[in-house]
Structures are given as C-alpha cells and as structure tokens.
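Here the structure comes first, spelled out in structure tokens, and everything after it is commentary.
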Amino acid sequence: MRLILGVGNSILGDDAAGLIAAQRLAQIIPKNVADVKEFNGGSIYLFDELLDYDEVILIDTLAIKGYDEGEVVQLDPLNIQPQVDVSNGHDFPFHMMLEVYKTTFPERMPKKIRLFGIVTGPQLVFKEGVSEKIERAIDQVVNLVVDHLEVN
Amino acid sequence: MVKIVIEPVSRLEGEAKISIFLNKEGKVEDAYYQVVEFRGFEKFCVGRPAEEMPRITPRICGVCPWPHHIASVKAVDRLYGRTPTKTAETVREFAYLSHIIDSHSTHFYVLAAPDFVMGPDAEPTERNIIGMLRKNPDLVKQVLKYRHLSVEIEKMIGGKPIHPIFGIPGGISHPITPEMQKQLKEKSEKLVEFAQFGLKLFEDIILKNQKYKDLIMGDVYRSETYYMGMVDDKDQLNFYDGKLKVIAPDGKEFAKFDPQDYLEHIAEHVEPWTYLKFPYLKKVGWKGRVDGPDSGVYRVNSLARLNVTSGMPTPLAQEAYEKFVEVMGKPSHATLGFHWARLIEILYAAERMVELVDKPEFTSEDIVSLDGEITGRGIGVIEAPRGTLIHHYESDENGYLTKVNLIVATVNNNAGMCISVRKAAENLINGTEVKEPILNMIEMAFRAYDPCLACASHSLPGKMPMKISIYDADKNLVKEIRRYGKCD
C-alpha cells in the first residue's frame with residue numbers, strides 16, 4: 001500500500017505547503033491507489049506514520065542553500081548519506097531517525113520513499129496562508145505526484 | 001573579558017545560544033542563555049474564538065503538543081464556564097499520562113542516555129542515538145518498541161498521534177468503547193514493565209558507576225533554588241490537576257496555591273538580551289540569575305516535582321521515589337537528577353494509567369457537559385513533562401479572545417537554566433582552550449531540563465541548530481563550534 005504524507009504546520013505561513021498539497025491530492029487520488037494524510041510533527045513521530053506502507057511519498061517544505069523559494073526538489077531519502085553528526089532539539093534529524101527506524105523496524109519500513117520538497121525561506125511568524133510562489137509550487141507538486149503514481 | 005557562546009543548543013528544539021564570558025585569568029565571569037527568535041504566538045491568537053485554542057496551541061511545537069492541548073482545554077473549560085464530566089477528566093488524564101511517558105522516555109533514551117551510555121567525552125558523531133544503536137542495538141530496539149505503545153495510545157484517544165483533537169470545552173469528543181478499553185489496559189500494563197526496565201537500566205549504567213554518580217551529585221551540576229510543582233489533595237504528585245506547591249531551598253513549604261491565583265505568586269522579569277522572560281516568586285523578588293533563599297528563582301520539571309511532593313500516589317513509584325530520596329536527599333539540588341526523576345515519573349504515569357483505565361466511568365458515554373455561561377476568563381494549568389504549564393485566556397462576551405498569555409515550562413526554568421549553565425561553566429572551564437567534551441558537559445546542564453525552545457519562544461518547530469563560540473577577555477572570538485538543524 002502507498003501513503004502520500006503532506007508535512008507542515010498549518011499556521012506557519014509557507015510551511016503549510018505540504019499539508020495543502022495533501023488536501024488537494026486527497027480530492028483526486030482514488031482511495032485504492034494511496035492513503036493521503038497530513039502530518040505536523042517531529043521526525044520521531046513521522047516515522048511511526050510510515051510503518052507498514054510499501055511506498056511513501058512525502059511532501060514537505062525544505063530550506064536548501066542554492067535553491068530559490070518556490071523551487072521543487074525531488075529526493076530519495078533512502079539513498080542519502082545519513083548526517084549522524086547533526087542533533088536537533090528534543091526532536092531529531094530526519095536522517096538519524098531514518099537509520100534508527102530502518103534498523104529497528106526493518107520489516108515494517110517502506111521499501112521506497114520519495115520526497116517532494118518545496119523550497120521556502122525561513123518561516124518565523126505565525127500566520128495562515130501561503131505566498132503566491134509557494135501556491136504555484138504546490139500545484140506543480142500535485143501534478144508531479146499524480147504523474148509519479150501513473151508511471152509507477 | 002573572554003566570552004564563550006554556545007548557539008544554539010544541540011538536541012533542543014527552537015533556537016538558542018549560550019554565551020560564556022571569561023576574565024583575563026580564564027575563569028568564567030558570567031554566562032547567558034539566550035533565545036534568539038520571537039514569533040508572537042499570543043498575538044496570532046487574539047481575535048479568534050476561544051474554542052479553537054485546544055487545536056491551535058499544539059501547533060506551537062511538533063514534539064510536545066499534548067501538554068498545550070490539555071492546558072488549553074482546561075482553560076477553555078473555565079472560559080466557557082463548563083465543568084467537565086468525570087469521564088472526560090479521567091480519559092483526559094489517562095491520555096495525557098501516555099504522553100508523559102512518550103515525552104520522558106524520548107528525552108531520556110534518545111537525548112540524555114547517549115551522554116552516559118557512550119560517555120560525555122565520546123565523539124559527537126557517536127554520542128547520539130545512532131551511536132547507541134551501534135553499541136547496543138537490542139536496547140534501542142526495545143526502547144522504541146515500548147515507546148511506540150504510548151504513541152499508539154495517544155493516537156487511539158487523540159485521533160492523531162501528535163496533535164490531539166479530542167479535548168473540547170466541558171469534555172471530550174468521543175467515548176472509549178469497551179474494546180478500546182481492553183487494548184488500552186494491555187498497553188498500559190506493558191508500559192509499567194517499560195518503566196521498571198528504565199529504572200533498572202539507570203541503576204545498572206549510572207548509579208553503579210561511581211564516576212557518573214559523582215558527576216550527578218557533584219558541584220558542577222548543583223543549584224540551590226526554590227521548586228514548584230503540582231500536588232493533589234494528599235500533597236502527592238499529580239500531572240493533570242491540583243494545587244501548585246512551592247518549596248524553599250531548605251525543603252520547607254513556601255507556598256501552596258490554587259493555579260487560578262498564579263499571578264499573585266509569579267511575576268516575570270524581562271532582560272533586553274533575550275526574548276524569554278524570567279518568571280520568579282513575587283514574595284521573594286527578582287535578585288538576578290542567582291540561586292539561594294534570597295533569590296526568587298524557582299525551578300520546575302521532574303526534579304522539582306519530586307522535591308515538592310510528599311510521596312508518589314502509586315506503590316511502585318513510591319518505592320522508586322524512596323530510593324531516590326535516600327540517594328539524592330530531599331530536596332535534591334542536583335540538576336542531573338532530573339533524569340532519574342523522569343524515569344520515576346514514567347513509572348508513576350504507567351501505574352496511574354492502569355488505575356484510570358479500570359475506573360467505571362472510563363467507558364461512560366457521559367463525555368461532555370454543555371452547561372455554563374461564558375465567563376470571559378480561563379486559566380488552565382498542568383504539569384507538562386518539562387514542568388508547570390500555564391495557559392491564560394481572556395475573551396469578550398461572545399468568546400472571542402482579547403488576551404492570551406502562556407507561561408510554558410521551559411520559561412519557568414529560564415533562570416534556573418542560566419544558573420546551571422554558569423555553574424557548570426565555572427567548574428569546567430579554565431582558560432580559553434575549551435575542548436568539545438567540556439562544552440558538551442556544559443550542555444548537559446542545559447539538556448537536563450529537556451527545554452523546548454519551540455514552546456518557550458513559540459518558535460520554529462523542527463529546527464534547532466547549535467553554535468558554540470568562545471571569546472577572550474577582549475571579546476575576541478577564540479573558538480566556535482557549530483551544529484545545524486534541518487535548514488542547513
């Protein structure tokens with residue numbers, strides 16, 4: 001079974017992009033093709049959501065040096081070198097938890113994970129709604145996910 | 001003067017830095033713990049219907065939403081003038097205690113334990129959960145599988161694993177079915193085993209290691225402050241409801257009050273160099289970031305709760321508490337004692353859940369009371385994993401918010417954290433040649449509080465980079481270590 005998981009915070013401006021994309025995909029993706037869910041939380045909770053799916057499509061905002069706001073980046077988290085030297089809050093870096101969960105729940109972790117990242121700037125003020133650039137990026141991601149599902 | 005800056009602090013959510021100033025002799029002259037972001041969450045909430053708050057406030061943080069949900073729903077109970085049904089109170093407390101276990105176990109096993117299992121002077125690349133996984137995979141696997149039980153409970157009751165949607169003014173949104181009750185009971189009983197496993201592990205790895213025991217009990221991590229925590233009508237620990245009790249550094253009761261009266265006892269001092277306020281005891285007064293009986297600085301969180309309580313309400317936790325007091329004394333001023341106290345609280349929470357799940361009202365369908373009139377004011381106070389959490393709302397006659405004030409646990413501990421960091425630095429730094437293990441040991445003083453800077457500054461969830469800078473007596477930067485959150 002597939003999972004499409006939109007990640008973000010609905011009251012943190014552009015950070016809501018993943019959630020909005022998931023809401024739109026939920027309207028058009030048949031339930032027998034994929035579960036579509038929204039998620040707002042730290043990595044340690046994120047991986048609990050991924051367990052027992054064969055394939056997961058994550059949609060989240062990213063801040064990556066060298067990319068402009070509104071650009072869409074596709075990544076394969078399973079094939080990125082873990083950055084084990086990074087620590088983060090009483091939450092944990094994505095790659096650190098990915099390695100922990102791959103080791104701890106090898107049978108239950110998805111075999112494929114595709115990350116559709118929407119590049120945003122820092123979101124430092126609580127507000128609702130996303131900018132026009134991010135709005136366009138959300139549309140782009142929705143189309144890319146639909147294409148991905150058709151091809152795969 | 002030499003300045004050392006730790007910015008922001010690793011393994012903590014939100015953004016912060018620790019600045020340590022050295023004098024010409026290379027001794028610590030002062031230390032500052034600063035939060036560098038501000039997001040104006042309270043302002044964001046003003047004008048909204050108060051009933052939205054239990055769903056909005058959890059979004060402050062991606063890791064500890066449950067305490068905000070519960071404190072918020074208690075505040076809106078009062079703002080709407082509704083008294084929750086017995087079933088609602090029981091199920092809320094049950095679900096919330098599951099989060100206590102989730103939060104405490106995550107902090108201890110993933111954030112604190114690497115310092116002890118791998119060693120405080122281990123390489124940073126090894127001194128983390130991955131290093132522990134390599135060293136002792138069975139331990140990590142077992143912990144994660146046990147912890148998962150508490151997450152499942154949160155999800156079963158809250159509707160979502162991390163942002164609960166079940167607390168509503170005067171009650172909860174759905175009843176617990178007998179089938180759910182059966183599953184919840186089985187999971188709760190397993191969590192008691194998990195708690196006992198944790199205490200045994202703590203004894204084997206830490207208490208039986210004299211070096212670690214000396215570290216915990218020594219001056220590096222000792223601060224003699226007031227302590228505050230919630231107690232029930234038997235003067236015993238309660239996370240969900242009760243009175244706030246304050247003890248003095250000598251252990252004597254200083255105050256016990258209804259949380260609704262918090263403004264009579266707590267004031268907030270503001271410093272220009274940080275966005276975090278410094279709550280202090282009004283009747284003692286603000287004397288700066290110093291400990292002792294003349295300073296109004298108080299601390300909250302697990303150690304504070306065990307210091308203020310007269311005992312634990314459940315039998316196994318009481319046994320563990322007695323051992324804690326025997327070893328640590330009462331009150332214990334050992335900041336690293338927060339870790340041990342957390343494990344005892346996990347045991348209490350699990351035992352209490354087993355009690356609650358069997359109560360006759362647990363599966364009743366009397367889940368909400370709609371009786372009541374808008375009062376225009378609601379204060380909800382609970383013990384969050386990190387300490388006392390206060391939500392204070394005021395509204396117009398239609399329930400639209402006119403004022404929102406949150407005093408979160410990490411803010412309550414703001415001055416205490418500053419003191420702990422300075423004391424650790426004073427004891428550990430001698431000269432400008434400060435190596436990474438020493439800086440980690442200074443961070444250990446900070447980390448013991450399990451501070452949530454996302455909650456404290458209501459800042460960016462999921463991002464917590466870290467910078468450590470050292471300045472000499474002429475304020476020249478002589479050393480800097482950086483770690484980054486997900487944005488870099």
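The values are calculated or read from the model by the stated rules, or taken from the named source; none is laboratory data. The shown structure was predicted, so the numbers you read here are calculated from the model rather than taken from an experiment. A quick note on method: Cβ atoms are made from the backbone with ideal geometry, for glycine too, and the neighbour counts reach across all protein chains shown.
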Would you say A:Asn9 is farther than 20 Å from A:Pro110 by Cα and in a loop (DSSP other than H, G, I, E, B)?
yes
Determine which member of the set B:Ser420, B:Ser459, B:Ser395 is modelled with pLDDT under 65 and either buried (at least 24 other Cβ atoms within 10 Å of the Cβ) or not aromatic (Phe, Trp, Tyr) (or both).
B:Ser459
Count - residues of region A:40-75 that are over 29 Å from B:Asp102 (Cα atoms), more than 14 Å from every other protein chain (Cβ to nearest Cβ), part of a loop (DSSP other than H, G, I, E, B) and of a type outside the set (Gly, Ala, Ser):
2
Out of the residues in region A:92-117 that are more than 14 Å from chain B (Cβ to nearest Cβ) and surrounded by 15 or more Cβ atoms within 10 Å (Cβ to Cβ), state the one that is farthest from B:Leu133 (Cα to Cα).
A:Phe116
Pairs under 8 Å by beta carbon, first residue at positive phi in region A:68-82, partner modelled with pLDDT of 90 or more and in a strand (DSSP E or B), six or more apart or different chains?
A:Gly70/A:Ile118
Go through region B:44-69 and report how many residues are facing another protein chain (nearest Cβ under 8 Å) and either part of a loop (DSSP other than H, G, I, E, B) or of a type in the set (Lys, Arg) (or both).
4
On the basis of being within 12 Å of another protein chain (Cβ to nearest Cβ) and modelled with pLDDT of 85 or more, does B:Pro124 make the cut?
no
Quick one: A:Val146 ticks every box in (1) among the aliphatic types (A, V, I, L, M); (2) over 30 Å from B:Arg147 (Cβ atoms); (3) modelled with pLDDT under 85 except a single one, so which number is it?
(3)
Screening B:Ile18, B:Ile56, B:Ile60, B:Ile70 for residues that are closer than 23 Å to B:Ile346 by Cα and not charged (D, E, K, R) leaves only B:Ile70
Can you name every residue in region A:26-38 that is buried (at least 21 other Cβ atoms within 10 Å of the Cβ) and either assigned to a helix (DSSP H, G or I) or touching a residue at least 40 places away in the same chain (Cβ under 8 Å) (or both)?
A:Ala34
Going through region B:65-84 in order, the residues found to be in contact with a helix residue (DSSP H, G or I) (Cβ under 6 Å, 6 or more places away or on another chain) and buried (at least 24 other Cβ atoms within 10 Å of the Cβ) are B:Pro65, B:Trp66, B:His68, B:His69, B:Ile70, B:Ser72, B:Val73, B:Val76, B:Leu79
Leading residue by the ranking (surrounded by the fewest Cβ atoms within 10 Å (Cβ to Cβ)) among those in region B:242-276 that are part of a loop (DSSP other than H, G, I, E, B) and in contact with a helix residue (DSSP H, G or I) (Cβ under 6 Å, 6 or more places away or on another chain)
B:Tyr275
Restricting region B:353-386 to residues that are surrounded by 24 or more Cβ atoms within 10 Å (Cβ to Cβ) and more than 23 Å from B:Leu79 (Cα to Cα), which is farthest from the chain's Cα centre (by Cα)?
B:Val357
Taking region B:91-112 and keeping only residues that are touching a residue at least 40 places away in the same chain (Cβ under 8 Å) and among the hydrophobic types (A, V, I, L, M, F, W, C), one is left with B:Val91, B:Phe94, B:Ala95, B:Leu97, B:Ile100, B:Ile101, B:Phe108, B:Leu111, B:Ala112
Does any residue of region B:382-389 turn out to be part of a strand (DSSP E or B), out of contact with any helix residue (DSSP H, G or I) (no Cβ under 6 Å at 6 or more places or on another chain), under 30 Å from B:Arg342 (Cβ atoms) and in contact (Cβ under 8 Å) with a residue 12 or more places away in the chain?
yes
